[in-house]
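Below: one structure, written as structure tokens.
Derivation of every value follows stated rules applied to the coordinates shown; laboratory data play no part. All figures in this text were calculated on a predicted structure; none of them were measured in a lab. Here the Cβ is made from the backbone with ideal geometry for all residues, glycine too, and neighbour counts use every protein chain on show.
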Amino acid sequence: MNIMEFLDERAVTTNLKAQQHKEAIIQELVELLVAAGSIKERDVSKLVQILMKRESLGSTGIGQGVAIPHGKSDGVNRLIAAFGVSRTGVNFDALDGEPVSLFFLLVAPEDSAGPHLKALARISRLLKDKHFRDTLRAAKDEKALVKIIRDEDERRH
């Protein structure tokens, strides 16, 4: 499974603005999904609630500056994702206590398990690579970000 199969290149940013807390970052990532046409505006607050509820079970900040907030929603009919880079880093209660700068948001349909878990595993595996993380952080714009992800997908298929 390649990341670009579920990541819409219109739901990518190199400049997440939220700096204060988890909910602001999650809200911003969900808005990227709206802008990409992946979810409807009316589903935003419900989706943010779902994702925050998941965070309350345990942080999705997996360490090394990476977080993979995720959840399931009846507002989507296929696996979708948004990706954002925070230039300043955000306190996301990561496992290692470090600020998070790379955010992969995953939303799966209510009744799916397989694709959701495969996507989480794929993203986690790719983001373990320090060079890949550093390259993502250094991307100058969204086009470069998408190219980096696409190239890594192909290289590590």
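Some notes on this structure:
- Screening the range 33-60 for residues that are in contact with a Gly (Cβ under 7 Å, 6 or more places away or on another chain) and in contact (Cβ under 8 Å) with a residue 60 or more places away in the chain and picking the one that is nearest to Asp141 (Cα to Cα) gives Ile39.
- Subset tally (residues that are in contact with a helix residue (DSSP H, G or I) (Cβ under 8 Å, 6 or more places away or on another chain) and either surrounded by fewer than 21 Cβ atoms within 10 Å (Cβ to Cβ) or not in a helix (DSSP H, G or I) (or both)) for the range 15-27: 5
- Ala82 meets all of the listed conditions (1) of a type outside the set (Lys, Arg); (2) out of contact with any helix residue (DSSP H, G or I) (no Cβ under 7 Å at 6 or more places or on another chain); (3) under 18 Å from Glu55 (Cα atoms) but one, namely (2).
- Close contacts from the range 1-12, counting a first residue that is within 15 Å of Ile68 (Cβ to Cβ) and a second that is among the hydroxyl-bearing types (Ser, Thr, Tyr), with Cβ to Cβ under 9 Å and a gap of 6+ residues or different chains, come to Ala11/Ser38.
- One residue from Val44, Val12, Val30 being assigned to a helix (DSSP H, G or I), within 14 Å of the chain's Cα centre (by Cα) and surrounded by 15 or more Cβ atoms within 10 Å (Cβ to Cβ): Val30
- Test: residue in the range 68-79 that is under 22 Å from His131 (Cα atoms) and among the aliphatic types (A, V, I, L, M): yes
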